[in-house]
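Right, one structure below, let's go through it.
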C-alpha cells in the first residue's frame, strides 16, 4: 500500500469507499482468535502497539497512523458488527487511540483499543474510562441483525456509571443498534427532554435519572449459550443433599434450554415447608445459568405501585422495585427470585400486588410507570417460593412449573447434619475435623431434639452452637478435641 500525505493527497477529496465486511459474533471477550477488527497491513507499518486515529468517518474505512515516512492509512478489512457505531464515533471526533494487535502475514488483528488523550487532544467523553466501559458493554451485547451483511485491571469500565448528559449522549452514539430498538427510540425522546429549556427543571431531572437507570443496564438478547449438564449436576449435588426428583426437574429444564437456546415458557415454583432449601435451589439455578439474581419478598409488598413505580408527574416519583432490580443486577437477563409468593398482600385498595407480576411472568415485557418504557423480559427466569400453594391465585399458578419439596426424613437430617452442616461451620471458624466430633447417640440426640421442626435451619443453628462450644473448650480448657455424646448434647442444646 502506498504512503499518503493526507493534507495534500487528492485521495482526500474522493468519497470514501467502504473497504470492510462486518462479521457477527457474540463472544464476550476479544482476542487474536476473536478480534474487534482486522486491518490491511501490506505496508508492514503496524506493530504490536500502534497509535493513530480512525478516518473516513462516513464509512469508517481506515486507520491513520504515523509511519517512518509520514502519515500512513491502513484499510479496515473486517469489523465486528457491534463496533460499527463506535468506530464511526471515534472517526468523527478524531480520537487518538492505541491499538493492540498481532501481525499475521499482511493483516493486523486488533483485539484491544485504548484512548490516549495527550497534549490537549480531544477526549471521547468527559467521563474517564468511558472507552473501556463502552467496549466492555459492546462485547457483552449481541450483534445487531440490521448491520449484518454476509490486560489491565486499571482499564476496566465495570465500576463506571453513566450519569451525566454528556456521558449518556456519548454512550447512545457509540452503542448504536446494539440497544433494542424501542429502548433506543425511548432514549432519544428522553434525552431531548433532559436537554430542553421548555420543560420544568423537575421534568429534566426525571428524564436524566430515567436515562441513567436504563443506559446502565446491559440489554442482552434472550439467546442462551449451551450449558454443561455435568457441571449443572455437580452444582446441584454440591448445594443440595438428596432431592433427586427436584434435581431431575432442574436438569430437564437445562436440557430444554440447550435445545432451544431460550428460557422455558414457565418459571419454577418451589413449594414446601420452611427450611427445606427453596432459596438455596434458586441460587443454585442462577449459578448454573451464570446469571445475576435478585430477590423480591412479596410479604413486604402491600401496594402495586411499589412494583410498578410512580408517575413522573410527582416530585418524589421513583422507579418500582422490579425496575430497581434490573438496575441492581446491571443486565436484562437475570434470575428473579420471588420469595413467599403465598404471602402476597391484597393491597390497600389500589389492586393486588401479586397481579402486577403477571406481565413480568408472561415474557411480553414489563412497563414501569416512572421509566415509561417497555422492558424486555425474555431473558428473565422467575423462581418463586411458597409454603402454601392454596394461597396463590390461579393466574399466577398457571405461569409456573410447580415442584413440591417434601420435608427431610430423620435419616436425611442425620446425613445433612454430620456431612454438611457441622463440617461447614467448622471450616468457617477455622476448626480441624478431629477437634469436634459426635458419637452415634450424640447425633441421634440432635435429631431427636428437632424432630418436630421442619427443614434444616434449626439443625444448622445446632451445628453452630456445638462447634462454638467445642472451640471454647479447646481454647479455654486447653483440650485437644471435644466429642459430644447424647448427654452433652442434651445439656448444651435447648
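The values are calculated or read from the model by the stated rules, or taken from the named source; none is laboratory data. Just so it is clear, the structure is predicted and the values come from calculations on it, not from any experiment. Glycine also receives a Cβ, built like all others from the backbone with ideal geometry; neighbour counts cover every protein chain displayed.
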Evaluation of residue 441 against (1) touching a helix residue (DSSP H, G or I) at 6+ places or on another chain (Cβ under 6 Å); (2) surrounded by fewer than 16 Cβ atoms within 10 Å (Cβ to Cβ); (3) at pLDDT below 90 (one fails), failing number: (3)
Cβ-Cβ under 7 Å pairs, at least 6 apart or on other chains, the stretch 220-239 side over 14 Å from residue 290 (Cβ atoms), far side assigned to a loop (DSSP other than H, G, I, E, B): 221/142; 222/262; 222/263; 222/378; 222/379
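State yes or no: is residue 463 outside the structural domain of residue 278 (by TED's automatic domain parsing), touching a strand residue (DSSP E or B) at 6+ places or on another chain (Cβ under 6 Å) and within 16 Å of residue 425 (Cβ to Cβ)? Can you show your working first?
Values: outside the structural domain of residue 278 (by TED's automatic domain parsing): yes; touching a strand residue (DSSP E or B) at 6+ places or on another chain (Cβ under 6 Å): no; within 16 Å of residue 425 (Cβ to Cβ): yes.
It is false that residue 463 is outside the structural domain of residue 278 (by TED's automatic domain parsing), touching a strand residue (DSSP E or B) at 6+ places or on another chain (Cβ under 6 Å) and within 16 Å of residue 425 (Cβ to Cβ).
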Residues of the stretch 238-295 classified as more than 23 Å from residue 331 (Cβ to Cβ) and in contact with a strand residue (DSSP E or B) (Cβ under 6 Å, 6 or more places away or on another chain), total: 6
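Do you know which residues across the stretch 444-456 are assigned to a helix (DSSP H, G or I) and either in contact with a helix residue (DSSP H, G or I) (Cβ under 6 Å, 6 or more places away or on another chain) or surrounded by fewer than 15 Cβ atoms within 10 Å (Cβ to Cβ) (or both)?
Filtering the stretch 444-456 for residues assigned to a helix (DSSP H, G or I) gives 444-449.
If the condition is that a residue be assigned to a helix (DSSP H, G or I) and either in contact with a helix residue (DSSP H, G or I) (Cβ under 6 Å, 6 or more places away or on another chain) or surrounded by fewer than 15 Cβ atoms within 10 Å (Cβ to Cβ) (or both), then 445, 446, 447, 448 are the ones that fit.
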Count of the stretch 471-494 residues which are in contact with a strand residue (DSSP E or B) (Cβ under 8 Å, 6 or more places away or on another chain), part of a helix (DSSP H, G or I) and more than 14 Å from residue 445 (Cα to Cα): 3
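Evaluate the stretch 408-417: report whether one residue or more is loosely packed, with under 12 Cβ neighbours inside 10 Å and either touching a helix residue (DSSP H, G or I) at 6+ places or on another chain (Cβ under 8 Å) or modelled with pLDDT of 90 or more (or both). First the steps, then the outcome.
So the first thing to find is which residues in the stretch 408-417 are loosely packed, with under 12 Cβ neighbours inside 10 Å, and the list is 409-411.
Then keep just the ones that are either touching a helix residue (DSSP H, G or I) at 6+ places or on another chain (Cβ under 8 Å) or modelled with pLDDT of 90 or more (or both); that gives 410.
Yes: one or more hits.
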